[in-house]
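**Student:** Sharing a structure with you now.
Rule-based calculations on the coordinates, nothing more; no lab input. All values derive from a computational prediction rather than experimental measurement. Note that each Cβ is placed from the backbone with ideal geometry, even for glycine, and that neighbours are counted across all protein chains shown.
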Amino acid sequence: MKKKSLILIMAIATLFVSCNDAIDIKQDGQVTNPQEIFRNSTDIERGVIGIYSVLPGETEIAFTSTFTDELGIGIDNGGQGLRDGEYGFFMQPGNSYALSIWTSYYGAINRINRMINSTDELIAKLQGVNNADANAERKRLQKSKGDLIVLRAYSHYKLFAYFTPDYTNPSGFAIMKLDFLQTDDYTVELGRSTVKEIKDFIISDLDDASTLYSQAAVPFSSSYYVTQGMIDAIKTKLYSMVGEYDKVITFGDAVISNPSTQLANATQYKDYFDDKEISKEIIFQLKRVRGGESVASAWYSIDVSEDGSPFYEVGRSLYNEIDKLDPTQTGSAYSTSRGDVRYGVNILSGSKVATDYATITQTDYQNDDVLLIGKYKGRPSQSLPLQNNIPIFRAADIYLAMAEARAAQGALVYSGNDIEDLLDPAVATQTVEGILVYLKFNRITNTAILARPNITSSQSAWKAILDARRVEFAFEGHRYLDMKRLGIKAGSTGFDRYSKDCS
């Protein structure tokens with residue numbers, strides 16, 4: 001018996017050694033030491049570019065469109081959104097969208113903190129070295145560290161937006177703050193910080209980044225990367241969430257005073273969503289390349305067309321709001337001659353509009369009211385039929401954040417009689433009405449449809465802002481957070497999905 005027991009123990013020991021050998025195998029060329037990976041400013045810059053690719057813009061768009069009132073069931077739906085309940089506004093524990101947003105941003109923060117640590121080590125090595133090459137290297141490292149800090153702040157800002165129950169309660173719970181280098185000690189328990197702690201941390205990171213940029217004196221490149229405009233945009237949106245509206249105006253003005261981040265006109269707006277480069281409107285966007293995420297795969301299986309197996313379509317309630325943008329054609333069939341370009345951007349050519357949708361049968365409604373999503377049309381010429389860049393911050397978002405501030409301040413309507421006064425942004429940004437008129441003016445090709453909104457009370461002002469955001473940012477991942485932030489103020493009863501889209 002003793003002999004058998006000894007043999008068994010030796011066998012188990014051998015098994016554990018074998019398992020450890022399998023785990024500890026190091027493949028040829030495998031590098032795990034950060035000091036070997038990040039050796040200089042060029043390596044750090046490459047690492048920063050890698051962070052942009054893991055930010056989950058497409059996940060947020062897919063979640064928001066499915067879980068709110070943006071979608072209807074498509075002609076080729078095979079159970080998408082129905083089996084797991086999101087389309088029915090039912091979110092189970094462990095929901096894949098929530099889990100993906102949580103892990104993607106915290107995963108990005110983990111990588112960012114490791115890269116910040118490596119950058120600090122490289123900067124420390126240059127301490128006391130004063131020559132042209134060292135100074136140039138130091139500036140590039142400072143610029144990259146600034147980029148990393150902004151991306152960390154942005155990631156915390158997005159987590160704060162999704163997972164904080166009440167933005168306006170400074171002592172209420174928010175999210176976990178990760179401002180340190182994580183180790184392999186998995187026994188550490190990290191609790192949730194308060195709203196004030198997270199807000200202050202994000203602002204501190206953004207201020208630190210601005211200081212680093214001033215030291216680096218390295219010019220910003222484009223809307224594909226972090227810029228000072230992105231810093232001011234995050235501050236504007238964060239302050240609008242927590243209700244510090246004077247600061248919304250301050251940092252909103254800083255964004256829109258930049259000549260490169262003005263509202264695009266109707267043609268420029270359409271061009272951007274036709275996947276053309278524009279120099280205005282876009283403050284920050286996620287550049288997507290071959291092999292990356294494909295935003296339109298949230299709604300289509302093959303390509304963006306009626307034959308592309310659309311399993312989702314534009315929800316009727318959203319379509320009705322887009323249909324009102326040109327009141328001279330409201331209720332008519334699909335037309336490319338609409339006076340507001342947002343109709344043609346969101347509703348794909350080839351859509352079938354049943355003008356009698358309210359009275360036809362459910363079967364006829366499904367077959368004859370085919371409202372195809374057109375905001376992202378893919379890149380067929382590049383054999384990328386479902387992929388486009390993802391706009392994160394646009395000038396329109398900042399203008400409408402400033403409208404929220406004006407609503408909170410009670411600056412609702414313009415006292416003058418001439419609507420043309422509101423085509424001057426300096427005048428327009430003083431009131432809710434002015435901002436809504438100015439935004440509309442930059443989206444129309446027919447000035448005859450420009451009109452002043454009907455704002456008679458504080459609640460009607462909030463509703464007008466929420467309604468404007470619904471059509472301006474359809475399918476851009478805003479609706480869920482907009483309703484969370486503004487729904488009660490606007491007197492909303494909740495998401496508004498048309499009854500035949502619920503059958």
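**Student:** With just the Cα atoms defining each centre, how far is region 377-448 from region 206-242? Give it in Å.
**Tutor:** Measuring centre to centre over Cα atoms gives 22 Å.
**Student:** Name the residues whose placed amide hydrogens come within less than 5 Å of the amide hydrogen of L71, ignoring near sequence neighbours (fewer than 5 apart) on the same chain.
**Tutor:** Amide H neighbours of L71: G315.
**Student:** Beyond a 30 Å Cα-Cα separation, which of these cross-linked pairs lie in this structure: K196/K440; K143/K280; K139/K276; K196/K276; K237/K375?
**Tutor:** In this structure, K196/K440; K139/K276; K196/K276 exceed 30 Å between Cα atoms.
**Student:** Let me ask you something else. When only alpha-carbon atoms count, how far does region 348-429 stretch along each of its three principal axes, as whole angstroms with the largest first?
**Tutor:** The Cα atoms of region 348-429 stretch 50, 42, 25 Å along their principal axes.
**Student:** Calculate how steeply helix 195-216 sits against the longest principal axis of the alpha-carbon atoms of the chain, using the helix alpha-carbon long axis, and give the answer as 0 to 90 degrees to the nearest 10.
**Tutor:** 80 degrees
**Student:** May I ask for the equivalent-ellipsoid semi-axes of the chain, computed as the square root of five times each C-alpha gyration tensor eigenvalue and listed largest first in whole Å?
**Tutor:** Semi-axes, largest first: 43, 31, 22 Å.
**Student:** Now for a different question. Based on the Cα atoms of region 398-466, what semi-axes does the equivalent ellipsoid have, where each is the square root of 5 times one gyration tensor eigenvalue, given in whole Å with the largest first?
**Tutor:** 18, 12, 12
**Student:** Please state, as a whole number in µm²/s, the translational diffusion coefficient that the Stokes-Einstein equation yields for region 268-331 at 25 °C and 0.890 mPa s, with Rh defined as the Kirkwood radius across alpha carbon pairs.
**Tutor:** It comes out at roughly 167 µm²/s.
**Student:** Okay, moving on. Report, largest value first, the span of the C-alpha coordinates of region 177-318 along each principal axis, in whole Å.
**Tutor:** Principal-axis extents of the Cα atoms in region 177-318, largest first: 50, 46, 35 Å.
**Student:** Loop-only check: which GluC sites (Glu not before Pro) in region 102-206 are DSSP coil with at most 10 other Cβ within 10 angstrom?
**Tutor:** Passing sites in region 102-206 are E189.
**Student:** Loop only by DSSP, 16 or fewer other Cβ within 10 Å of the Cβ. Give me the chymotrypsin sites (Phe, Trp or Tyr not before Pro) in region 66-129 that pass, ordered by residue number.
**Tutor:** F89, F90
**Student:** What is the projected area of the convex hull of the Cα atoms of region 151-191, averaged over all directions, in nm²?
**Tutor:** If I average the Cα hull's projected area over directions, I get 3.6 nm².
**Student:** Could you give the distance between the Cα centres of region 265-290 and region 85-161, to the whole Å?
**Tutor:** Using only Cα atoms, the two centres lie 25 Å from each other.
**Student:** Further question on the same structure: Within region 246-282, find all residues whose amide N lies under 19 Å from a label point positioned 7 Å from the Cα of D207 along Cα-to-beta-carbon.
**Tutor:** 246-255
**Student:** So, one more: Helix 228-242 versus the longest principal axis of the chain: what angle, 0 to 90°, nearest 10, using Cα atoms?
**Tutor:** 70 degrees
**Student:** Another one. Please name which of S457, S294, S204 has its Cα lying farthest along the dipole of the chain towards the positive end, using unit charges on Cβ (Lys, Arg +1; Asp, Glu -1) and the Cα centre as origin.
**Tutor:** Comparing the listed Cα positions along the dipole, S204 ranks first.
**Student:** Show the residues, 5+ positions off or on another chain, whose built amide H is closer than 5 Å to the amide H of I347.
**Tutor:** G374
**Student:** Compute the angle between helix 41-54 and the longest alpha-carbon principal axis of the chain, please, reported from 0 to 90 degrees and rounded to the nearest 10.
**Tutor:** Computed tilt is about 50 degrees.
**Student:** A further question on this structure: Rank by packing, highest mean first: peptides 235-242, 478-485, with packing defined as the count of other Cβ atoms within 10 Å averaged across residues.
**Tutor:** Top to bottom by mean Cβ count within 10 Å: 235-242, 478-485.
**Student:** Once every DSSP H run of n ≥ 4 in the chain is given -39500 (n - 2.57) and the sum is divided by its residues, what mean residue ellipticity at 222 nm do you get, rounded to the nearest 500 deg cm²/dmol?
**Tutor:** It lands at -15500 deg cm²/dmol.
**Student:** State the percent of C-alpha pairs, over all pairs in region 318-460, separated by a distance greater than 24 angstrom.
**Tutor:** Pairs farther apart than 24 Å: 47 percent.
**Student:** Can you compute the charge dipole magnitude of the chain about its Cα centre, using +1 on each Lys and Arg Cβ and -1 on each Asp and Glu Cβ, nothing else charged? Give it in debye, rounded to the nearest 20.
**Tutor:** In debye, rounded to 20, the chain gives about 980.
**Student:** Now a separate question. What is the Cα convex hull volume of region 132-229 when expressed per residue in Å³?
**Tutor:** 125 Å³
**Student:** Once you have all Cα-Cα distances for region 301-388, histogram them in 10 Å bins from zero and send the whole-percent values.
**Tutor:** Reading the bins upward from 0: 17, 48, 29, 7, 0.
**Student:** As an exercise, find the ratio Rg/Rh for region 318-364 from alpha-carbon atoms, using the Kirkwood inverse-distance average for Rh.
**Tutor:** Value, to two decimals: 0.97.
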